[in-house]
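Here the structure is laid out as structure tokens; the discussion comes afterwards.
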Amino acid sequence: MEQALATIIKPLPAHLFTMHGPSAEMRWEAMAGQGYHTPVDRFFVRNHTHTPLIDAATWRLRLHGPGLRYPTELDYDQIRAMPSRTIDAAVECAGNGRRFYKTQQHDAAPGTQWRLGGIGVGRWRGVPLRHLLQEAGLRPDAVDLMPTGLDAPFEDYGHVRRPLPVDKAMDDVLLAYEMNGGPLPPDHGFPLRMVVPGWVGIASIKWLGDIEVATRRLTSPWNTVFYPDVTTQPVKSAFELAWNARLTAGRSYVLHGRSWSGQGRIVRVEVSFDGGRTWHRAEHHGRHLVSAWLPWHVEWAPRRPGAYELMARATDETGVTQQLTRPHQPFGYHFDAVVRHPINVVHG
Ligand SMILES: Nc1nc2c(c(=O)[nH]1)N[C@H]1C(S)=C(S)[C@@H](COP(=O)(O)O)O[C@H]1N2
Ligand SMILES: [Mo]
């Protein structure tokens, strides 16, 4: 049913991606001039092993466990025939921004040294997990689900799987078979993936083959050894600029960026060009979606050549504002402090 290929199947040109071992990070300058969604050709990929090639004709999704009255097996056509929903949601790795623990706080954390490109916003179409669970006779005493991927086992830990509480599963989780209007690409979970809005990327299990529904709390290596105690993603901001981008003194620029939070809408974005001494409100209009991001822009005419650090800080509707530093986190997850983005202003 599945066949091992290269780690990632889609092309990974150097102008769109930075590679970290098997993980492909989006370059933020690749979002410049793009629309709301991250096109598939530049959407980051995080695989524990490699992208499996799954045949939709023989693929099945198994739903089983003591939390269901009617355990069931569904094929691809049956899932596509169910009532569907379309949502715009970010998938973001818990470790996105990990590098800045080291570079900004002298608090290096092991793991993939992402800058801020371990995120993408997709338009996902699929079946609400709530619908499948109701059809399968979800019992009132169900507590946790265990969605499992069909990719190769990771080291000695078995298949990638992570418990998901029933409350979240019944709220806004989607089982997606389309991404940005096309079939889900192999690297992003074909034929079916979970999309768990606002939560760490590991919750959004790709190449879904099996969901167990239990009447007790479940554990797996992916909520104990890796990613313990992380669910909702914090507030972050990024400029759609290359690292060490070059600007010219005396010219006027409109700098674009995006801010996001797993906790709710972004209500304010401010930008500093002088290391945080003064802050300027960024403009934003258009879509303002929970679980995705808010595009913004700000004008700047650098007068003097030299090295600068651009800073952006956002506030979400829960009142949380990005701070200048972030407390230690042993795994390097959830770096939500303001990132200092270096640029060079050259003579005109
Ligand atoms: N089956 C499976 N699901 C998985 C993974 C994986 O390796 N195997 N990686 C997870 C992690 S850590 C992240 S951040 C997201 C990445 O999704 P993407 O590759 O579509 O961007 O998928 C998650 N789902
Ligand atoms: Mo991740």
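A few points about this structure:
- Inter-label distance for Arg69 and Trp243, nm, one decimal - labels placed 7 Å from Cα along Cα-to-Cβ: 5.5 nm
- Normalised by 2.2 N^0.38 Å, with N the number of residues, the alpha-carbon radius of gyration of segment 240-340 equals 1.13.
- If the chain linking Thr58 and Leu324 were pulled fully straight, counting 0.36 nm for each residue of separation and taking away their Cα-Cα distance, it would gain 90.6 nm.
- Counting lysine pairs in the chain that sit 8 or more residues apart in sequence, or on different chains, and whose Cα atoms lie under 29 Å apart gives 6.
- Using C-alpha pairs under 8 Å with a sequence gap of at least 6, the mean separation divided by the residue count of segment 17-214 gives a relative contact order of 26 percent.
- Dimensionless Rg ratio for segment 173-222, taking C-alpha atoms and the 2.2 N^0.38 Å reference: 1.24
- For the residues Ala176, Ala90, Ala152, a GNM of the chain with alpha-carbon springs under 10 Å puts the largest fluctuation on Ala152.
- Range of Cα positions in segment 152-257 per principal axis (Å), largest first: 64, 32, 32
- Qualifying chymotrypsin sites (Phe, Trp or Tyr not before Pro) in segment 148-250, where qualification requires a DSSP coil assignment and no more than 15 other C-beta atoms within 10 Å, comprise Tyr157, Trp243.
- Only Lys, Arg (+1) and Asp, Glu (-1) charged, at Cβ; the chain dipole about Cα centre in debye: 940 debye
- Potential lengthening between Gln78 and Asp171 on full extension [0.36 nm per residue; Cα-Cα distance subtracted]: 31.3 nm
- Per-residue HN-Hα couplings for segment 336-348 [Karplus 6.51, -1.76, 1.60; θ = phi - 60°; Hz; x = Gly/Pro]: 10, 6, 5, 8, 8, 9, x, 9, 10, 9, 10, 4, x
- Radius ratio Rg over Rh of segment 71-223, counting only Cα atoms, Kirkwood formula for Rh: 0.99
- The relative contact order of segment 207-348 comes to 30 percent, based on Cα pairs under 8 Å that sit 6 or more residues apart.
- Over the chain, DSSP H runs of length four or greater, each weighted -39,500 (n - 2.57), average out per residue to a 222 nm ellipticity of -1500 deg cm²/dmol.
- Most positive-pole-ward Cα, Leu218, Tyr253, His37, against dipole of the chain from beta carbon charges: Tyr253
- A DSSP coil position with no more than 15 other Cβ atoms inside 10 Å describes the following trypsin sites (Lys or Arg not before Pro) in segment 1-103: Arg69.
- For the chain, the relative contact order is 17 percent, taking Cα pairs closer than 8 Å that sit 6 or more residues apart in sequence and dividing their mean separation by the residue count.
No value in this document is a laboratory result; all are computed from the given coordinates. Here the structure is a predicted model, which means the values were calculated and not measured. Please note: Cβ atoms are built from the backbone with ideal geometry, for glycine as well, and neighbour counts cover all protein chains shown.
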